[in-house]
Amino acid sequence: MNHSPLESTVLFHIGPLPVSTAVAVSWLLLLLLSGGSLLLTRHLALRPTRIQSLLELLVEALDGQIRDTMQSNPERYRGFVGSLFLFILAANWSSLLPGIEPPTAVLETDTALALIVLLASTGYGIATRGWAGYLRTFAEPSWVMIPLNIVEQLTRTFSLIVRLFGNIMSGVFVVGIALSLAGLLVPIPFMALDILTGAIQAYIFSVLAMVFIGAAVADGTPVDSRLTKG
């Protein structure tokens, strides 16, 4: 990374619209993830293959995490949370490819991801509680708390941005400095640490998204009732 992380490197233009490197890499990752998902799931069967068994194990682990974190039936949230985790994981690990700067090391990408979580939590909250019910949550436990609850929505979105951006950007810097000073072999331990950090940050971001959505849809319904709903 030889430029400020607050700057976007323009790769090409589509008419008057500039397309940055982070956006282009994000499009490529989305294409690869979508294509890979179609290839892996097009021949599902009642007698699973090894690949299908592995996929089912991963889905069960995801469902368990959603159920434990949100205290809700996971089916409704599986697609969003799973897609979010896979994209962030792939984006973080793209730094291991020569010449690729991970999209999550660019502030705009992390801002977009955090805003997606904010919109998702708002959308799920409105769908579950209705407009009036969702807006009433800002007046809990008292109407005096309305300004603080609004600020909380903004600050937790900002915390998602800073956490992901800071950790991934620092990892890219460390590997880059090690490569420039020590050659190709010495930075391997740092790259292994970068893999671990990328996975942890994808997990944390996804869990926080679950927490925020869970808080938005919580309506005082007993846990057992929510888990048995479709």
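Points worth noting:
- A22 fulfils the conditions (1) surrounded by fewer than 18 Cβ atoms within 10 Å (Cβ to Cβ); (2) part of a helix (DSSP H, G or I); (3) touching an Asp or Glu at 6+ places or on another chain (Cβ under 8 Å) except for a single criterion, (1).
- All positions within segment 68-79 that are surrounded by fewer than 19 Cβ atoms within 10 Å (Cβ to Cβ) and under 13 Å from V217 (Cβ atoms): Q71, N73, R76
- Counted residues, segment 92-134 - those being buried (at least 17 other Cβ atoms within 10 Å of the Cβ) and in a loop (DSSP other than H, G, I, E, B): 3
- The condition (being within 24 Å of the chain's Cα centre (by Cα), farther than 20 Å from S94 by Cα and either among the small types (G, A, S) or at pLDDT 85 or above (or both)) is satisfied by just one residue among G214, G166: G214.
- Scan of segment 77-110 for residues that are touching an Asp or Glu at 6+ places or on another chain (Cβ under 8 Å) and among the aliphatic types (A, V, I, L, M), ordered by number: L96
- Residues satisfying the stated conditions in segment 64-79, i.e. within 16 Å of the chain's Cα centre (by Cα) and free of Cβ contacts under 8 Å to residues at least 24 places away in the same chain: R78, G79
- Sole residue being part of a helix (DSSP H, G or I), free of Cβ contacts under 8 Å to residues at least 24 places away in the same chain and over 15 Å from I88 (Cβ atoms), chosen from L38, L44: L38
The values are calculated or read from the model by the stated rules, or taken from the named source; none is laboratory data. Keep in mind it's a predicted model, so treat the numbers as computed, not measured. Here the Cβ is made from the backbone with ideal geometry for all residues, glycine too, and neighbour counts use every protein chain on show.
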